[in-house]
1. Tell me the relative contact order for the stretch 246-443 as a rounded percent, counting alpha carbon contacts under 8 Å between residues six or more apart.
2. Take every Cα pair under 8 Å in the chain that's 6+ residues apart, average their separations, divide by the length, and report that relative contact order as a whole percent.
3. If each residue of separation counts as 0.36 nm, what is the full-extension length gain between residue 2 and residue 543 once their alpha-carbon separation is subtracted?
4. Using each residue's phi in the stretch 580-588, evaluate 6.51 cos²θ - 1.76 cosθ + 1.60 at θ = phi - 60° and report the 3J(HN,Hα) Karplus result to the nearest Hz, with x for Gly and Pro.
5. Taking the Cα centre of each part, how many Å lie between the stretch 181-212 and the stretch 509-541?
6. Extension gain residue 569-residue 129, at 0.36 nm per residue separation less the Cα-Cα distance, in nm?
7. Report, in debye and to the nearest 20, how large the dipole of the chain comes out about its Cα centre when Lys and Arg carry +1 and Asp and Glu carry -1 on their Cβ.
8. With an 8 Å cut-off on Cα pairs and a minimum separation of 6 or more residues, tell me the relative contact order of the stretch 15-126 in percent.
Amino acid sequence: MKFKTVADYFDKIENISSRLEITDLLSELFERLPAGETKKIIYLLQGKIAPTFEGKEIGFGEKLIAEGIAKATGFTRKEVDALFSKKGDLGEVAEELIEKKQQGSLFTDDLTIEKVFFNLEKMSRTEGTGSQELKKKLLAELFNSATPAEAKFIARIPLGNIRLGIGDPTIMDAFAIMFGKKQNKQWSELKEEEQRKIKIALRERIESAYNIHSDLGTVCFKLKEKGLTGLDDISITPGTPIRPAEAERLPTAKEIIEKLGKCAVEAKYDGFRVQLSKKGDNIKIFSRQSEEITKMFPEIIEAAKKQLPKECIVEGEALAYNEATQEFYPFQITIQRKRKYDVEKKAKEYPLKLFLFDVALADGENMISKPFKERRKKLETILKKGDIITLSDILITDKAEELERFFEEKVGDGLEGIMAKDLNAEYTAGARKYAWIKLKRSYKGSLSDTIDTIIIGYYKGKGKRTQFGLGALLVGVYNAKKDVIESIAKIGTGMTEDILKELEALLSKTIMKKKPNNVVTALKPDYWVSPQYIIETRADEITKSPLHACAQKDGIGLALRFPRMIKFSSDKKIHTATTTEEVIKMFEIQKRVSMDEYGYAKK
C-alpha cells in the first residue's frame, strides 16, 4: 500500500476529536490494509518498529530529525530550528518545508509502507562510525519522496510519538468493528445496541489473544490473514510475555474474607515484578511493561538454569536482600539494580532474591485456566531448592483475624502488605479483577497511597517560578475502557527547582497547538503537551469536583485534594498509569474507612 493512503488517514484522525469517528476511520484503514503490512502499521501506531519485548528502539533525537529535514528540503538548519521553536512539532515543520521545498530531487518514487518501514528499521539498527550520517541520509531519502502529509508523520514516527492519541484499546475496537461489518452485511441497518454487543464480543476475543501474547502486531496480522480463526493460532509461547494480571483493592481484612471466603494470602513484596520465561537455555526476564530486562539480573538467570524446569513461564517479585542481616532492602535500593551498565558490580553489592507467586506454563502445560490452588501446587512441584529463587510466603485462611495478623507480620518485616487470592480463580491475564486483592498499610486510612498520573499540560510559572517557565502541571488518569486520559488534578507542589527545570525542558519539546485527541478535560493549561510522561502523585484524599473529567457523571467528576508530586517516573508508559476505574474504587474505599486514634481502619 502507498504510504500516502496511510498518511491521509492519519491526517484525518488528527483533525477529529470524536473517539467513535476515530475508531471508524481506523477500522476503514485496517479493512483496506494488505495482511502482510498489518504488523508494520500497528507498530507505527504504537510508536514502535517491533513489539516492546524485542527491545528495538525507534526513538531518535530531535537534532537528527531536524538535520534530515534540512538535508531533504534545502533549508538551513537555523531555519528549521526557528520554525520548530515557533511550531513545537517537527512533524508540522517537515510538512511546511516539504511544501515549500527549495531543493528538488531528480528522481523520486511514491513511498510505500514497506519502504518507510525498511528505512526506519535500518536507522534503528545503524551503529558505530558514520551511523549518524547514514541515518540522516535514510531519513532525507524518505523526505525527498514524501508529500507534505507523509513528511509530517515520517518526522514524528522516529521520535516515538505519532500524536494521534490512539492506544491499544482503540486499535482492538477498530478491528472488532471491521470484523463486525464482515460478519453482518447489513451492519449499518442494525440498531446501535446490537452493533455494540457484537463489537464487545469480538473485542473480548481479540483482547484475550493479546493478553496471552503481548504482540498486538502479530495478533492483528493473524486476524487479517485468517479472520477470527487466526486467533486460534495464538497461544502462550516462551519468549513472548503474557500481560500481567492486576489486583483490586479493599481496605480491611474483614472485607477481603467477606469477598473471597477461604483464600490464599501471600506476602506482597516491594520490588520488581518480573515474568521469567525459559525454553531450554533460552531464558528471558520481562518487566510488568513487557520490556526485556534479562541482562540486568545475571544471578536470577544462573539460578533459573538450575532451579526451574526446561520449559516454563513463571512470575514473581525480585528484591534486593541483605544476607548479613536477613532483611529486605527498601525499594530505593532495589531500584538501583535496574541498569544497563555496571550490572555485575551492583549485583555483588545488592544481590537479589526472586519470590515466585504464579506459573503460566510448566513443562509445556498451559496453567492459565487452572485454579490458583493448582497453579500454586505446580509451582511448589517444579521449583528446585536454591538460594536465589524461592516461593512467596503464603497462608490459607478464612478468618479475618489470621489475615490481619499475617498482614501485620509482613509489614513488620518491611514489606508492602499482603495479596489475597481466590483459590478457585484462573489467571486473569491483562485484567484487573477480584481474583487478586491487595491490602497495603496505606489503604488503612485516608488516601496515602500514591497515584501514577499522566501530564497533559502545564501552566507558566509565576513569581519565583517565572524563571523556570513552568509553575504547575495539569495531570490525568487513564480511562482504559474509553482509551482516553481524564484530568484529575492541577499540581504545583512537590517540585524542586531542578525538577522544574527538567520537566520544562522535556515538556516544552512536546507542546501541542490544541488539546490532544485522547485527553478529556474542561480546563485549559497555558500549554498542551503530548501525553507521554508520568509522575507519581500523593494527595490527602479524593474529592468530587465539577472541574475535572475523571469518572465524570452529571457534570461532577473526581479530583485529588492537595496533590503533590512525589517523583518523575521516566520509565513508565501511559497505559500503566492509574486508571479511572481504580480511582473510583479508591474513592469508595476512602468513603468506607475512617481512622481510630491508633491509625487503624474502623467501620
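Each reported figure results from applying straightforward, stated rules to the coordinates on display, with no laboratory input. On a predicted model such as this, the values are computed, not experimentally measured, just so you know. Cβ: placed from backbone, ideal geometry, glycine included. Neighbour counts: every protein chain shown.
1. On the way: 410 pairs, mean separation 66.6, N = 198.
Computed over the stretch 246-443, the figure is 34 percent.
2. Working: 1188 pairs, mean separation 76.0, N = 603.
Taking the mean separation of contacting Cα pairs over the length of the chain, I get 13 percent.
3. Numbers: separation 541, 0.36 × 541 = 194.76 nm, distance 5.03 nm.
The residue 2-residue 543 span can extend by a further 189.7 nm.
4. My calculation for the stretch 580-588 gives 4, 4, 5, 4, 4, 5, 5, 5, 5 Hz in order.
5. 32 Å
6. Details: separation 440, 0.36 × 440 = 158.40 nm, distance 3.29 nm.
Difference between extended and current length: 155.1 nm.
7. On the way: 105 positive and 94 negative charges, 125 e Å.
Once rounded to the nearest 20, the dipole reads 600 debye.
8. Values: 58 pairs, mean separation 28.9, N = 112.
Relative contact order of the stretch 15-126: 26 percent.
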